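*Asks:* First the structure, then my questions, so here it is.
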Amino acid sequence: MSESPARKPAVIRKRFPMGWLVLGLLGLAVVVFAVIRKNAPVVLSVTTPMVFKAGERNPLVSASGYLVARHRATLSAKVPGRLDWLGVEEGSRVQKGQIIAKLEATDLEANRDQTAVNLEQAQADLLRGEALCKEGILDRSSLEHLRTNKASLAAQLRYLDATLENMVLRAPFTGTVTQKLSEVGETVSPGTAGGANAINAVAVLADFDSLEVEVEVSENGITKLRKGMPVEVRVDALEADPGAKSLSGELREIYPTSNRQKAVVIVRVAFKEKNPYLFPDMGAKVTFLGEPYLKDVLVLGREQVVRQKGQSFVWVLERELAALKPITIVAENPIGYEVTGLEKGSTLLVLLSDTKLEPGAKVKVKNR
């Protein structure tokens, strides 16, 4: 009995199921995709080595800190009293000796006037007494009493004048008022604590011409520093300006104390050039500069150096392919490593932390 033609397609489907065909096509697609991906170029950014020209100074130590005024004072009254007049606001520029504030002194002024009148009367009584004493009418004991009374009133008048002067607050130096701590009508008194938080103080005065940078330098780097050495200062607030440049300065003082918890030493840096936008408490970064380089020097960032089997390398781009270039580290500074074995115009690859790269891999430069 022969097989009918209607059953032949069913046999073919049984021997060659469609599922195996689809699975085979998917496997082939995965292999093709893997081959394409393996041969696809890696997209990376590129850069060039930093070059210090001959004559430029060698950066030795870098540190961060804040701007502080060397001359700064919290102004308080010498005597307690109520503030009657205040002649400054935040930002007011004052000269040395200028009156900043006055306390109420109506009763003291009246007392001073009364004492002055009494002194004039005592002076007149003394003159008459001396004349009567010469004529023998007045005894010497009474004359001495008149002299004592006159001297006592003169001393009392000087005391009242000094007290009235203490009711006036004057600027101890030329500067700018950075904080106003009291208002007219408030009671103020001699400050019992220094700083801007002094109780019942009147104002805070700072000399902006004495602005400098206070930084903490690690004990390990303090041996590289010396007073008067050149310094490069970059103020954070000025970095937003496209035309911003670093400011020059010099190391003014190394404080002869160390912080045992932080293992740091306080260093003060003075500016050689002024900027009208510098204010106290601004953040700044300081680089202490050593002797000038005698020849051009290439510097790489620490993250650019690859170490393998005791040898140092850097990733470079050569003919659109990634290559590991051997280099020699000759010195280290705050920016990175000073190296040899690399050309100034070399194209360096910028790798991210998760970038996997093999020598000879194709590279496509990002944004080129």
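*Asks:* Sorted from fewest to most neighbouring beta carbons within 10 Å, what does the list Trp315, Trp85 look like? Spell out each step's value before the answer.
*Replies:* On the way: Trp315 22, Trp85 13.
In order of increasing Cβ crowding within 10 Å: Trp85, Trp315.
*Asks:* Take each of the peptides 233-239, 126-132, average the number of other beta-carbon atoms within 10 Å over its residues, and list them starting from the highest.
*Replies:* Numbers: 233-239: 17.0, 126-132: 14.3.
Per-residue Cβ counts within 10 Å, averaged per peptide and sorted highest first, yield 233-239, 126-132.
*Asks:* D for region 59-190, whole µm²/s, Stokes-Einstein with Kirkwood Rh over alpha-carbon pairs at 25 °C and 0.890 mPa s: what number?
*Replies:* Working: Rh = 18.8 Å.
Answer from the Stokes-Einstein relation: 131 µm²/s.
*Asks:* Another question about this same structure. Please work out the FRET efficiency for the pair Ile329 and Arg93, using the Cβ-Cβ distance as r and a Förster radius of 41 Å; give the result to the nearest 0.05.
*Replies:* With a Förster radius of 41 Å, E is 0.20.
*Asks:* Another question, if that's okay. Taking only Cα atoms of region 213-368, what ratio of Rg to Rh do you get with Rh as the Kirkwood inverse-distance radius?
*Replies:* Ratio of gyration radius to Kirkwood radius for region 213-368: 1.06.
*Asks:* Report the local net charge at Arg226: Lys and Arg +1, Asp and Glu -1, summed over other residues whose C-beta lies under 13 Å from its C-beta.
*Replies:* Summing Lys and Arg as +1 and Asp and Glu as -1 gives 0.
*Asks:* What's the Kirkwood radius of region 148-292 in Å, using all Cα pairs?
*Replies:* Hydrodynamic radius (Kirkwood, Cα only) of region 148-292 equals 19.3 Å.
*Asks:* A follow-up question, please. At Ala151 and Ala240, where each label point lies 7 Å from the Cα along Cα→Cβ, what is the point-to-point distance in nanometres?
*Replies:* Distance between label points: 6.9 nm.
*Asks:* How high is the relative contact order of the chain, in percent, counting Cα pairs under 8 Å that sit 6 or more residues apart?
*Replies:* RCO, the chain: 26 percent.
*Asks:* Taking the Cβ of Glu212 as the centre, find all other residues whose Cβ is under 12 Å away and add up their charges (Lys, Arg: +1; Asp, Glu: -1).
*Replies:* +1
*Asks:* Mind jotting down the three principal axis lengths of region 278-368 based on Cα atoms? Whole angstrom, largest first.
*Replies:* 52, 31, 26
*Asks:* Right, another one. Listed here are the pairs Lys295/Lys344; Lys102/Lys150; Lys245/Lys274; Lys227/Lys272; Lys325/Lys356; Lys224/Lys274; which of them are more than 19 Å apart at the Cα?
*Replies:* Values: Lys295/Lys344 13 Å; Lys102/Lys150 31 Å; Lys245/Lys274 13 Å; Lys227/Lys272 14 Å; Lys325/Lys356 17 Å; Lys224/Lys274 26 Å.
Those over the limit are Lys102/Lys150; Lys224/Lys274.
*Asks:* Follow-up question, since we're still on this one. Quick one: net charge of Pro292's neighbours, Cβ under 11 Å, K/R +1, D/E -1?
*Replies:* +1
*Asks:* OK, next. Calculate how large, on average over all directions, the projected area of the Cα convex hull of the chain is; give the answer in nm² to one decimal.
*Replies:* 41.9 nm²
*Asks:* Kirkwood hydrodynamic radius (Cα pairs, Å) of region 105-166?
*Replies:* The answer is 12.5 Å.
The numbers here are math on the coordinates, done by the rules we state, and not lab data. Treat the numbers as computed from the prediction; the structure is a model and nothing was measured. Virtual Cβ from ideal backbone geometry, glycine too; neighbours counted across all protein chains shown.
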